[in-house]
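Taking it in order: structure first as structure tokens, then the write-up.
Bear in mind that the values in this text are calculations on the coordinates, not laboratory data. Bear in mind that the values here come from a model prediction, so they are computed numbers and not experimental data. Every residue, glycine as well, gets a Cβ built from its backbone with ideal geometry; the counts of neighbours run over all protein chains shown.
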Amino acid sequence: MLRTKRIKRICGGLFVIGLLAAAACVTTSASSLSEPTFAYTPPGYALWDSGSSPQLTVNIAVSAASMSAPAQMQVTLVNHGGPLYVSNFLNTSRGIAWTIQSKDGRYLSSKEPLPISPPQPPPEPVSTKAALEVVKKRLTEIAPGKPYTVNVRELPQWIYPGAGTWQLRAVIVLKNYNPFDAAAPKDRVIRTLSDPVLVTVSP
Amino acid sequence: MCRIVLQLELSMTDSIIVTGHRYYEFRSWMSDYGGSVASGEGGLEPNPTLEPGEGGGPVDPLFFDSEDRSFLAPTLSGFDLTNTAGLYVNLNGRNVLFVIDKKTIFYGSEVWQKAVSIIDRLTFSFDLLNAAARAAINALDIVIFSLQPNRSFADVFPRRFFYDVSEFYRSDGSLISDAFGASNIVHDANHILLYDQNLNYVGHSAEVASWQLQVDNSLAFGLQIYETSYLQSLIDNPSSQDERLQNAPY
């Protein structure tokens with residue numbers, strides 16, 4: 001009985017209070033505008049062959065930008081280099097991060113911090129080159145001339161500071177998990193930034 | 001007559017009512033009905049052929065459970081949580097609620113069974129976890145299994161974890177281990193704990209702390225070596241990224 005009451009308090013009381021807290025966030029977000037938190041994402045799982053580093057170009061398009069509906073963006077990866085295979089889980093916080101700048105270039109924070117996903121499911125370990133080829137086939141190949149588009153849907157407060165006109169850019173971070181890649185750890189990670197897109201976010 | 005039988009069966013599993021919604025006690029539910037689902041087929045697709053209690057077994061109350069828990073959906077998210085089932089486990093004297101979105105997770109499907117198995121593993125592992133992991137779980141109120149979130153994430157207020165069940169699958173289409181799923185719950189519970197402690201709860205440092213928690217409790221969860229290695233590889237990721245972002249963003 002005591003436990004029941006406790007859970008009621010947690011889930012009922014705190015939820016109501018949570019609504020009030022959410023409202024409070026509106027007032028605190030103004031101060032955060034001068035204290036940007038830069039985009040962060042754990043690296044997305046990727047495979048490429050040793051010595052054939054992919055050359056990525058990233059383009060973004062925004063299909064919905066409102067503070068009263070989920071933000072929807074398309075991130076298109078174009079590879080101009082060697083063969084690249086990426087996780088099917090590529091998404092915000094799984095290899096994709098977002099930056100917001102004002103029209104005059106100041107880095108801004110989203111209205112609320114974006115929660116990062118827990119780790120993506122780990123891939124199967126491979127110990128032979130034949131097994132690696134099998135894993136590659138299960139991933140998404142981004143070949144030259146075959147762009148790959150990820151549809152992103154996030155709550156607007158995790159992307160935008162609020163209503164207004166902002167510069168939005170995507171950051172792609174991929175890590176090569178090819179066990180036969182002799183490159184140093186720092187050279188196993190590639191980061192690519194998209195050009196900014198001017199987005200007008202409605203209230 | 002059928003109704004009388006059903007009521008008798010439903011009364012077998014303990015349950016509590018929280019904010020007007022019923023949650024069945026996981027252990028007794030597993031004992032009474034855990035093995036009553038005919039098969040684990042269906043994946044993320046509907047499988048209307050699955051019925052509870054096939055072969056004369058007891059009738060699973062979760063088959064009939066259909067409660068509107070829309071209040072759990074984040075504002076503006078558009079999540080549809082109008083058809084859900086609820087379970088709870090008592091961990092360290094405290095109830096943690098589990099909600100299964102029945103609109104996207106079909107009763108008896110392999111995703112349904114994976115969700116149940118992950119809860120089971122978390123419950124089984126709890127006493128073996130270190131103090132930090134148990135403290136993290138103590139910061140978690142609700143886990144919501146659904147296909148809708150688009151990706152898994154924790155919400156610090158209310159203290160809930162949305163587990164996107166599409167992430168029950170690896171890139172090769174196989175199911176993740178119960179241990180990894182359970183450790184993911186602890187990972188995100190730790191973000192909530194960091195928030196409660198007024199520490200950085202998002203960003204690189206928070207991720208490293210939460211990955212480390214998974215690695216430190218790998219034996220308790222029963223993580224396989226390659227899973228632990230994968231988590232360790234995320235921890236070992238060159239942290240120069242942080243410095244780059246802070247000093248010269250791009």
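Computed over all pairs of different Cα atoms, the Kirkwood value for the hydrodynamic radius of the stretch A:34-201 is 16.7 Å.
Count Lys and Arg as plus one, Asp and Glu as minus one, and take only other residues whose Cβ is under 14 Å from that of residue B:76; the net charge is then -2.
Treating cross-link reach as a plain straight distance, find the lysines whose alpha-carbon is under 16 Å from the alpha-carbon of residue A:175, omitting any fewer than eight places away in the same chain. Once the sequence-local lysines are set aside, what remains near residue A:175 is A:136, A:186.
Could you sort the peptides B:20-29, A:190-199 by per-residue average Cβ neighbour count (10 Å cutoff), highest mean leading? Before the final figure, lay out the partial values.
Values: B:20-29: 19.2, A:190-199: 16.1.
By packing density, highest mean first, the sequence is B:20-29, A:190-199.
Exposure proxy shown here: for A:124, B:167, the number of other Cβ atoms within 10 Å sets the order, fewest to most, as A:124, B:167. Rounded to the nearest 0.05, what FRET efficiency do residue A:202 and residue A:59 give with R0 = 35 Å and r taken as the Cβ-Cβ distance? Could you check? The formula returns an efficiency of 0.90 here.
Quick check: net charge around residue B:215, other residues with Cβ under 13 Å of its Cβ, Lys/Arg +1 and Asp/Glu -1? Once all neighbours under 13 Å are counted, the net charge is -4.
Shielding value for B:64-74 is 1, the average number of Cβ atoms from other chains within 10 Å of each residue's Cβ. Centroid-to-centroid, using Cα positions, the stretch B:155-194 and the stretch A:95-159 are 17 Å apart.
Each residue of the stretch A:39-51 is assigned a 3J(HN,Hα), and the resulting list reads 4, 9, 8, x, x, x, 6, 8, 9, 8, 6, 4, x Hz, derived from the Karplus form 6.51 cos²θ - 1.76 cosθ + 1.60 (θ = phi - 60°), x at Gly and Pro.
Could you tell me what % of all Cα pairs in the stretch B:62-142 have separations over 17 Å? Counting every Cα pair in the stretch B:62-142, those more than 17 Å apart make up 53 percent. For the pair residue B:70 and residue B:92, the difference between a 0.36 nm per residue extended length and the Cα-Cα distance amounts to 5.1 nm. For the peptide B:101-114, the mean number of other protein chain Cβ atoms found within 10 angstrom of a residue's Cβ is 0. If you plug the beta carbon distance of residue A:141 and residue A:187 into 1/(1 + (r/R0)^6) with R0 = 30 Å, you get a FRET efficiency near 0.90. Listed by Cβ neighbour count within 10 Å, with the fewest neighbours leading, B:207, A:141, A:112 appear as A:141, A:112, B:207.
In a fully extended conformation the segment linking residue A:134 and residue A:66 would gain 20.3 nm over its present Cα-Cα distance, using 0.36 nm per residue. Sequence-distant contacts, meaning Cα pairs under 8 Å at least 6 residues apart, place the relative contact order of the stretch A:33-171 at 37 percent.
Taken residue by residue and averaged, Cβ atoms of other chains lying within 10 Å of the Cβ of B:208-218 number 1.
Straight Cα distances below 17 angstrom link residue A:129 to the lysines A:137, with same-chain residues fewer than 8 positions distant left out.
Label sites at residue B:130 and residue A:52, each approximated as a point 7 angstrom past Cα along Cα to Cβ, lie 4.2 nm apart.
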